[in-house]
Every structure is written in C-alpha cells, then in structure tokens.
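One structure is given below, encoded as structure tokens.
The values are calculated or read from the model by the stated rules, or taken from the named source; none is laboratory data. What you are looking at is a predicted structure, and each value in this text was computed from that prediction instead of being measured. Counting neighbours? That spans all protein chains shown, and the Cβs are built from the backbone with ideal geometry, glycine included. Surface accessibility is based on the protein's heavy atoms, side chains included, excluding ligands, DNA and RNA. Shrake-Rupley method; radii C 1.70, N 1.55, O 1.52, S 1.80 Å.
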Amino acid sequence: MSAHALSGVVTEFTAKLGAASISARVASMSGYLSPRCHKKNIDIVVMNFNSTRMSGEKVFPEEVEEALKLHADGADALMFGLEDERFGNRVAGVVSLEQGGTAEAGDILEATRKLLASYKLPKDLLVVPVVPTAPNGKADYKTTKSMMTGD
C-alpha cells in the first residue's frame, strides 16, 4: 500500500489486492488518515480533531494555514478557534515570517482575503517570531492561544 500527498491536504491511496488495484483520494483537513484493510474492502478513516465551528460552519486549520503561508513573507502559521459571544467561536491565528520579512498582520490578511471565504478569514492574527511547537514538534495550541488572549 502506498500513500503520497497532493497539494498538501489531499492524499491518494493505492492498494493492490491480488490482481485488483483500488485507488482513493481523500482530503485530510485535520488529524490523520488511516487506511484499514478488511478482506477485499479498504476503509479510509479520516479523524478530524482541530476544526473550528463558527456559526454552524466548519473551518479547517490546514486550509487557513496554507492560505496564510502563501503570502510572500509567510513562513509558518497556526489557526485555531477562540470563544466568541455572537458566533460561538471566531477564527484566530498566528503567523511567522520568512527571515527578513516585513509584512504586518493587515498585509497578510488582505492577501489571504482573495483566497478564503470571509467567514474563514482570521478575525485575530498575530505576527510572531516563531510559531510555538511542543517538544514533540507538534503545534502547541495552548501556548499559542495564551499569546492571543493574554492568559
């Protein structure tokens, strides 16, 4: 069985079962992809951990993060939801810049506005030297949220 990423969030799986070959394309928005084989069927399970629900709409982190990083100065980004009285949650994020980058949050949001629906656009964006990661290399949401809220 082989798997490879296409454009960052779409993954293609190909499995050979005897003479038959089965292919599937799955969009991974958050969490992980897990192909499981059961006799002659392959179930592809997508676990979704970090989506933010805002006014009934799901916003997936990878989509927003990739759009933020497409700015010429964007190096890394992390998106998450913050509590909001009106919508339940609001989209927020942090972005780090490439070395020598001078963009401000407003510049990055303006460029991102062309790529995302307005409800997916971060309402709060903070430019940081480095996007926080945990010791295991994964995104550190607790630290990042505290940077935004001051907690």
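Any residue in region 50-59 that is surrounded by 15 or more Cβ atoms within 10 Å (Cβ to Cβ), over 24 Å from Ser146 (Cα atoms), in contact with a strand residue (DSSP E or B) (Cβ under 6 Å, 6 or more places away or on another chain) and at pLDDT below 85? Within region 50-59, not a single residue is surrounded by 15 or more Cβ atoms within 10 Å (Cβ to Cβ), over 24 Å from Ser146 (Cα atoms), in contact with a strand residue (DSSP E or B) (Cβ under 6 Å, 6 or more places away or on another chain) and at pLDDT below 85. Screening His71 on (1) modelled with pLDDT of 85 or more; (2) in a strand (DSSP E or B) shows it passes everything except condition (2). Residues in region 100-151 that are more than 18 Å from Glu66 (Cβ to Cβ), of a type in the set (Gly, Ala, Ser) and outside any helix (DSSP H, G or I): Gly100, Ala134, Gly137, Gly150. Filtering Leu82, Leu70 for residues that are open to solvent by 80 Å² or more (accessible area, probe 1.4 Å) and hydrophobic (A, V, I, L, M, F, W, C) leaves a single hit, Leu70. Given the structure, is Ala103 more than 15 Å from the chain's Cα centre (by Cα) and either among the aliphatic types (A, V, I, L, M) or open to solvent by 70 Å² or more (accessible area, probe 1.4 Å) (or both)? Yes.
What is the residue count in region 89-99 for residues that are part of a strand (DSSP E or B) and open to solvent by 30 Å² or more (accessible area, probe 1.4 Å)?
Residues in region 89-99 being part of a strand (DSSP E or B) and open to solvent by 30 Å² or more (accessible area, probe 1.4 Å): 3 in total.
Among the residues of region 127-149, is there at least one that is loosely packed, with under 15 Cβ neighbours inside 10 Å and on the phi > 0 side of the Ramachandran plot? Yes, because at least one residue in region 127-149 is loosely packed, with under 15 Cβ neighbours inside 10 Å and on the phi > 0 side of the Ramachandran plot.
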